[in-house]
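First up is the structure itself, then whatever we jot down about it.
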Amino acid sequence: METPTDHAMRTRMWVVWGTLTLSVFLYLAAGFVLRTFGDFPAGDENFVQTLLMALTAISMGMTGVILLAGRLFGRLPYTSYLIIRWALSESIAIYGLVLYIMGADLAYLLGFGVWSVVLMLLTMPTRSNEDKYLEHHSS
């Protein structure tokens, strides 16, 4: 039976998850507003391409960490485990925002944003994800 503390903790985790997921959409909106109404000099195309490759590689590595988090962070308390995964997931959207502000196409802002949201959806604080955590935590 679920105790009130468990219920309160689950509610807090859903609020944190929802807030971080919403922030991804705010990054997309901020990028659009900044590029539409801001006065940013055009970025050097070679620099933007290098940054794109670097941030894509970093994002791929972070995705691996997020998906293998049970093995890597299984000894952490559940809330810490979740927050680390969510912070890494959200940061991918920030990379897209940086690329877009630096002069990359809108597709990169949207692509990194979608990538981030997909990871956030995969790491929701559901009971099945908690069961997976407990499986790795107990071994």
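The values are calculated or read from the model by the stated rules, or taken from the named source; none is laboratory data. None of these values were measured; they are calculated from a predicted model. Backbone-built Cβ (ideal geometry, glycine too); neighbour counts: all protein chains shown. Just the protein is used for accessible areas: all its heavy atoms, side chains included, with ligands, DNA and RNA removed. Shrake-Rupley method; radii C 1.70, N 1.55, O 1.52, S 1.80 Å.
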Q) Can you give the helix-only mean residue ellipticity at 222 nm for the chain, where every DSSP H stretch with n ≥ 4 adds -39500 (n - 2.57) and the sum goes over all residues, rounded to the nearest 500 deg cm²/dmol? A) -28500 deg cm²/dmol
(Q) When a/c reaches 1.5 or more, the comparison of a/b and b/c decides; with that in mind, is the stretch 16-114 rounded, prolate or oblate per its Cα gyration tensor? (A) oblate
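With the other protein chains left in place, how much accessible area per residue, in square angstrom, belongs to the chain at a 1.4 angstrom probe?
Working: 8140 Å² over 139 residues.
That works out to 59 Å² for each residue.
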Q) Magnitude of the Cβ-charge dipole of the chain, K/R +1 and D/E -1, about the Cα centre, nearest 20 debye? A) 360
Q. When the accessible area of the chain is computed with all protein chains present and a 1.4 Å probe, what percentage of it is carbon and sulfur?
A. 70
Q. Nearest 10 degrees, 0 to 90: what angle lies between the long axis of helix 127-138 and the longest principal axis of the chain (Cα atoms)?
A. 70
